[in-house]
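Enquirer: Once you've had a glance at the structure underneath, I'll fire off some questions.
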Amino acid sequence: GRKTIVFAVDVEHSKLIVEAFRAAGIVAEHLDGNTPGEERRAVLERWELGLTTVVSNCMVLAEGFDLPELEVAVLAAPTASLCKHIQTVGRIMRAARGKTGCLVLDHAGNHHVHGLVTRRIEYSLDGQVAGDRDPLNMKRCAQCFLLYEMHKAACPECGWMPTRKPRALVG
């Protein structure tokens with residue numbers, strides 16, 4: 001039920017993703033660089049009006065597109081580009097009336113390459129490479145499967161706390 005954008009590897013992949021959503025009863029549409037302008041406008045209008053839930057695309061909606069009501073991004077295409085990663089996730093990070101948050105489903109593992117998009121990136125002119133960082137350093141909640149920071153005692157989403165096994169005494 002949430003407005004969702006999917007970033008696919010290529011046109012065929014995007015179309016297969018749309019088929020899978022439709023098979024599950026979810027209204028989904030596909031866009032790519034060869035989609036005629038009039039058809040593209042119609043797809044985006046249906047999406048904006050809430051008639052379409054999911055739009056899957058290949059290299060069309062990553063930059064220069066703004067629909068603040070988007071809540072879910074499905075990253076189905078890996079990228080080595082930090083800039084592209086930030087751009088794709090940025091599609092859902094805009095504030096909108098009634099919007100309480102957003103969700104990234106990273107099926108491509110981009111967060112393991114680039115880190116969380118919410119992390120602070122230090123830019124400099126002294127030769128440091130933008131985006132240099134520590135490893136992702138995350139743990140996964142056993143209850144809701146959210147990835148969250150290692151230093152947190154409990155899952156920030158559902159409150160699950162890992163249990164520690166007592167250490168055996170060596171004696």
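The values are calculated or read from the model by the stated rules, or taken from the named source; none is laboratory data. Quick caveat, the model's predicted, so the values are computed rather than measured. Don't worry about glycine lacking a Cβ; one is built from the backbone with ideal geometry, like all the others, and counts go over all protein chains shown. The protein model used for the area step is the full one, side chains on, heavy atoms only, and it has no ligands, DNA or RNA in it. Shrake-Rupley method; radii C 1.70, N 1.55, O 1.52, S 1.80 Å.
Enquirer: Filter the stretch 79-117 down to residues that are surrounded by fewer than 17 Cβ atoms within 10 Å (Cβ to Cβ) and among the small types (Gly, Ala, Ser) and give me whichever is farthest from residue 57 (Cα to Cα).
Expert: 98
Enquirer: Considering only the stretch 67-78, state which residues are under 19 Å from residue 32 (Cβ atoms) and surrounded by fewer than 17 Cβ atoms within 10 Å (Cβ to Cβ).
Expert: 67, 78
Enquirer: Hand me the list of strands (runs of 3 or more DSSP E) wholly inside the stretch 61-164 holding 2 or more residues that are within 10 Å of the chain's Cα centre (by Cα).
Expert: 72-75, 103-106
Enquirer: Same structure, new question: Check whether at least one residue in the stretch 41-60 is within 21 Å of residue 86 (Cα to Cα), more than 17 Å from the chain's Cα centre (by Cα) and either without any contact (Cβ under 8 Å) to a residue 40 or more places away in the chain or loosely packed, with under 14 Cβ neighbours inside 10 Å (or both), and report yes or no.
Expert: No: the stretch 41-60 contains no residue that is within 21 Å of residue 86 (Cα to Cα), more than 17 Å from the chain's Cα centre (by Cα) and either without any contact (Cβ under 8 Å) to a residue 40 or more places away in the chain or loosely packed, with under 14 Cβ neighbours inside 10 Å (or both).
Enquirer: Consider the stretch 15-40. How many of its residues are under 25 Å from residue 99 (Cβ atoms) and in contact (Cβ under 8 Å) with a residue 24 or more places away in the chain?
Expert: Summing the residues that are under 25 Å from residue 99 (Cβ atoms) and in contact (Cβ under 8 Å) with a residue 24 or more places away in the chain in the stretch 15-40 gives 9.
Enquirer: If a residue has to be touching a strand residue (DSSP E or B) at 6+ places or on another chain (Cβ under 9 Å), open to solvent by less than 100 Å² (accessible area, probe 1.4 Å) and modelled with pLDDT under 80 to count, how many in the stretch 118-145 make the cut?
Expert: So the answer is 3.
Enquirer: Within the stretch 24-58, count every residue that is closer than 18 Å to residue 76 by Cα and in a helix (DSSP H, G or I).
Expert: 0
Enquirer: Right, next: Could you check how many residues of the stretch 7-33 are loosely packed, with under 12 Cβ neighbours inside 10 Å and either hydroxyl-bearing (Ser, Thr, Tyr) or modelled with pLDDT under 95 (or both)?
Expert: So the answer is 1.
Enquirer: Are any of the residues in the stretch 49-61 farther than 26 Å from residue 112 by Cα, of a type in the set (S, T, N, Q) and in contact with a Lys or Arg (Cβ under 8 Å, 6 or more places away or on another chain)?
Expert: Yes, the conditions are met somewhere in the stretch 49-61.
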